[in-house]
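The structure appears below as structure tokens.
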Amino acid sequence: MGMKFKERWETLTWTWNPKSIRESSDSVVRNLLLHWFPAKVSHKSLSYRYSLWLGTISAVLFFILCATGLILMFLYVPSVERAYPSVKDIGFVASYGGFIRSVHRIAAHLMVVAVFLHMMRAFLTGAYKNGLGANQNRPVNWVLGVVLLFLTLLLSFTGYLLPWDQLAYWAITVGTNIASAAPLVGDKIRFFLLGGNQIDQNTLLRFYVLHCFVLPVSVFLLFSWHMWRVRKDGGLASVDREAQKAKEKKSIPIKTKTYALLGITSGRTVAVESSYIDQDENLVESVPNLTGRVLFVALATALLVITLAFLIQAPLEEAANPLVTPNPAKAPWYFLWLQELVADTTVHLGSFTINGALVGGILIPALLGLLLAAWPYFDRSSTAATGVWFAKERRRQNLVFLAVIFAILVLTFVGTFMRGPSWHLYWPWQAWPPSPTRF
Ligand code: HEM
């Protein structure tokens, strides 16, 4: 047929590179991959400085993890006898296996960091607060976020066990021992997590199914809900800030839609205040303005992960050995602040004992988690503090929040770099005494 190659190519690719505003809107409707974007977005919400794009970075890392995880699943065998040798084969026999494993492991660590930083960003900008749009419910999206953070930690934790080496085995032993200190149900929780009284085949299979199916699917569904909520809330919270300014100038009324036909049937005029509070002049087409930035952030994130994977190999220690306890035995790094808290709150005063596992391992983190999730419902600042970095009105709560984060970082540092055999304190540069249980 007469079509030139270039024209033919463009009939396939025009949705990614629209030539007009009309084509741009059409591409959102016609392309499955683009249809979840709104046709237009506020210019403000595209800013790198406001969101730091950490949510998108988290999502990209998640998709990198799904892709590389799927490849690893073709080679990994979730059996106590074969798990460790199969990971060894991935690392040393399969073509590019070691690289894929490193990408997976690095992306997993980075995802924990990115999701945590994204949570911090949302807090410090007051992004969990409603603004001027109708039907906004940003607090719900924050709670969804807290669940996503919890699931991200669980994803990482369940993956930690799978190589079935000493690092995996003992980190999960320490982690699940902390859970068993919960009052009344602690032992039941541990039994439920492990599928028995000790870490064995049942635990491996349980963690495997959680890690490869239940948790990724849950994160994907919750992430979709999270994004849907961002749209229902009228975009990112920084957009409300613009609307607030416009309202203060009293220049422009907030948009409403009037549904005349609905009005006839119900006998009154039905006016729905739009949740979309932005003014037309602040809007730009999503394709290519939003999609272009998503692509850029995705490529930059992938490049970072790939570079790090070249530099850092995923570790693999000796095969798991329940009879040889490493000293010290440490939980995964993102739980080390908890392990440190457990140690610090285990206090013996004469016959009086504080059970650190209960206080530091369960009560304090549970309280912090609940406070975090419920915080939007305590924050009484005005809508003017929505979507602004370090709003004056929210100064006190931001400072308290940063103090708690700082404490967690210090505890993590101490747990990671300053704890040696028998959980004694050492300087990071100090040598540990030789320990008979280490080999
Ligand atoms: C798997 C984890 C998560 C993913 C993939 C994710 C993804 C996203 C994305 C892509 C956005 C759009 C803005 C941006 O890129 O920053 C966003 C917004 C948001 N996220 Fe998350 N998120 C996750 C976890 C969390 C957590 C842990 C919280 C808080 C506890 C949270 C709270 C929010 C809030 C409040 C917004 C709206 C921000 C605004 O309006 O300025 N998210 N999320």
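The values are calculated or read from the model by the stated rules, or taken from the named source; none is laboratory data. All of these numbers come straight from a predicted model, not from anything done at the bench. Glycine also receives a Cβ, built like all others from the backbone with ideal geometry; neighbour counts cover every protein chain displayed. Surface areas here come from the heavy atoms of the whole protein model, side chains and all, with no ligands, DNA or RNA. Shrake-Rupley method; radii C 1.70, N 1.55, O 1.52, S 1.80 Å.
Things worth noting here:
- Under 19 Å from Lys245, Cα to Cα: aspartates and glutamates that are on another chain or at least 8 residues apart: Asp233, Glu273, Asp278, Asp280, Glu281, Glu393
- Where Rh is the Kirkwood radius over Cα pairs, Rg/Rh for segment 43-134: 1.20
- Longest exposed-site-free window of the chain, the sites being trypsin sites (Lys or Arg not before Pro) in a DSSP loop that have at most 14 other C-beta atoms within 10 Å: 83-248
- Unit charges on C-beta of K, R, D, E only; dipole of the chain, Debye: 1300
- Averaging 1/r over each pair of different alpha-carbon atoms in segment 100-155 and inverting the result gives 12.6 Å, the Kirkwood hydrodynamic radius.
- Here the alpha carbons of segment 299-341 define both size measures, Rg and Dmax, at 15.6, 45 Å.
- Cα lying deepest toward the dipole's positive end in the chain, options Leu304, His109, Tyr84, charges on Cβ: Leu304
- Förster-model FRET efficiency, 45 Å R0, Leu409 and Glu281, C-beta, rounded to 0.05: 0.60
- Here is how the number arises for the chain: DSSP H runs of 4 or more residues each give -39500 (n - 2.57), the sum is divided by the residue count, and the result at 222 nm is -18500 deg cm²/dmol.
- The gain in end-to-end length when the Leu349 to Leu367 segment is fully stretched comes to 4.0 nm, 0.36 nm per residue minus the alpha carbon separation.
- Per-residue SASA remark: Tyr48, around 100 Å² accessible (1.4 Å probe; ligands, DNA and RNA not included).
- Cα gyration tensor category, rounded, prolate or oblate, for segment 307-382 with a/c compared to 1.5: oblate
- Two-site label geometry, Lys392 and Ile21: point separation in nm, points 7 Å out along Cα→Cβ: 3.8
- Projecting label points 7 angstrom from Cα along Cα→Cβ for Ile312 and Phe192 puts them 3.3 nm apart.
- Spatial separation of Cα centroids for segment 334-366 and segment 111-144, in angstrom: 30
- For segment 355-439, the relative contact order is 11 percent, taking Cα pairs closer than 8 Å that sit 6 or more residues apart in sequence and dividing their mean separation by the residue count.
- Cut-off under 5 Å, modelled amide H: who pairs with Lys40 long-range: Ser286
- If R0 is 35 Å, the Cβ-Cβ spacing of Ala374 and Glu248 corresponds to a FRET efficiency of close to 0.70.
- Entries in Lys40/Lys392; Lys19/Lys247; Lys40/Lys232; Lys19/Lys249 that, when Cα-Cα distance is taken, lie over 25 Å: Lys40/Lys392; Lys19/Lys247; Lys19/Lys249
- Charge context of Ala331, other residues only, Cβ under 15 angstrom, K/R +1, D/E -1: +1
- Note on segment 74-192: Rg/Rh from Cα positions, Kirkwood definition for Rh, rounded to two decimals, is 1.11.
- Debye equation applied to the C-alpha atoms of segment 396-435, log10 I(q)/I(0) at 0.36 Å⁻¹: -1.12
- Calculated Rg and Dmax of the chain using C-alpha coordinates, Å: 25.6, 94
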